[in-house]
Amino acid sequence: MELQTPSRTFRRQIMDQFHHGERLSRCVQCGVCGGSCPNGPEMDHTPRELIALVLIGDADEVLRSNTPWKCVSCYFCTTRCPQQIPVTELMYTLKRRAFQEGLAHDEGADLARAFIHNVERYGRSFEFGLASRYYLTHKPANLLRMGPLGLSMARRGRISLHPTRIRELPQLQAIIQKAKEMEGGAS
């Protein structure tokens, strides 16, 4: 009989919380995930390192890491993994767990809240507003640097300066409200 230490319990919980979580134990630490990540330089741990930390059960280091919050969900890591580990899905799982434990990164949590607010209010993301809010709150100096790119994208019709609402917004809002009630977090 295997003793369930807190580290083993954390590992098992994370592996059980997402589809194909058992594949984590097949990680060969090749580094393809980290090498594929466009946001890797912003992360305090590469996805490979984070998987190793999950496997040894270092809950504190994993849940305090900024890596899941810096994941841009491009799925490069997932599609290129030779062991077919759903790395992006792992990042979502770790974000949920960090929220539950009260360890969500301010930057990531703010960005997630702003995204959810936009979806609830408009039925879709409002990229210009989301990026502006993020940079104003967390990296105001970068906003000046990114401004010309944003304006160039707006001129080319690649990004809108104004949010648009979906047609059946009340139906989506009802679905969101029902999901919150089912989750126990009705607001």
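Under the rule a/c < 1.5 gives rounded, and otherwise a/b versus b/c splits prolate from oblate, where does the stretch 129-169 land using the Cα gyration tensor? Judged from the Cα gyration tensor, the stretch 129-169 comes out oblate (a/c at least 1.5, b/c at or above a/b). Can you classify the stretch 106-182 as rounded, prolate or oblate using the Cα gyration tensor, where a ≥ b ≥ c are the square roots of its eigenvalues, rounded means a/c under 1.5, and otherwise it's prolate if a/b beats b/c and oblate if not? The shape class here is oblate. Only Cα pairs under 8 Å and 6+ residues apart enter the sum, and on that basis the relative contact order of the stretch 106-182 stands at 37 percent.
Extension gain, S25-K180: 0.36 nm per intervening residue step, less the Cα-Cα distance, totals 52.5 nm. Against the main long axis of the alpha-carbon atoms of the chain, helix 6-16 sits at an angle near 60°. Most fluctuating residue of A141, A114, A104 in a GNM of the chain with Cα springs under 10 Å: which is it? So, out of A141, A114, A104, the one fluctuating most is A141. Rounded to the nearest angstrom and listed largest first, the equivalent-ellipsoid semi-axes of the chain from its Cα gyration tensor are 32, 22, 15. A simple charge model with +1 on the Cβ of Lys and Arg, -1 on the Cβ of Asp and Glu and nothing else charged puts the dipole of the stretch 100-167 at about 560 debye relative to its Cα centre. About the centre of its Cα atoms, the chain shows a dipole size close to 800 debye [charges on the beta carbon of Lys, Arg (+1) and Asp, Glu (-1) only; nearest 20 debye]. About its Cα centre, the dipole of the stretch 6-100 is roughly 200 debye, where the only charges are +1 on Lys and Arg Cβ and -1 on Asp and Glu Cβ. Computed from the C-beta positions of N66 and I116 and an R0 of 30 Å, the FRET efficiency is 0.95 to the nearest 0.05. The distance between label points at A109 and Q173 comes to 2.7 nm (points 7 Å beyond Cα on the Cα→Cβ vector). Between the listed residues P38, Q13, C71, the Cα displaced farthest toward the positive end of the dipole of the stretch 6-100, a dipole computed from Cβ unit charges relative to the Cα centre, is found at Q13. For a 4.7 Å threshold on C-beta separation, the list of partnerless cysteines in the chain reads C27, C30, C37, C71, C74, C81. Of all segments of the chain bounded by GluC sites (Glu not before Pro) found in a DSSP loop with no more than 16 other C-beta atoms within 10 Å, the longest spans 3-100. The value obtained for the stretch 1-89, namely the Cα convex hull volume divided by the number of residues, is 87 Å³ per residue. Given their separation in residues at 0.36 nm each and the Cα-Cα distance between them, L55 and R156 gain 31.8 nm when the chain is fully extended. Counting every other Cβ atom within 10 Å of each residue's Cβ, D16, D110 order from fewest to most as D16, D110.
Per residue, the chain reaches -18500 deg cm²/dmol at 222 nm when only DSSP H runs of four or more residues are counted, each adding -39500 (n - 2.57).
FYI, it's all coordinate maths here, none of it is from the lab. A quick note: this is a predicted structure, and the numbers were derived from the prediction, not measured. Positions of Cβ are backbone-derived with ideal geometry, glycine not excepted, and every protein chain shown enters the neighbour counts.
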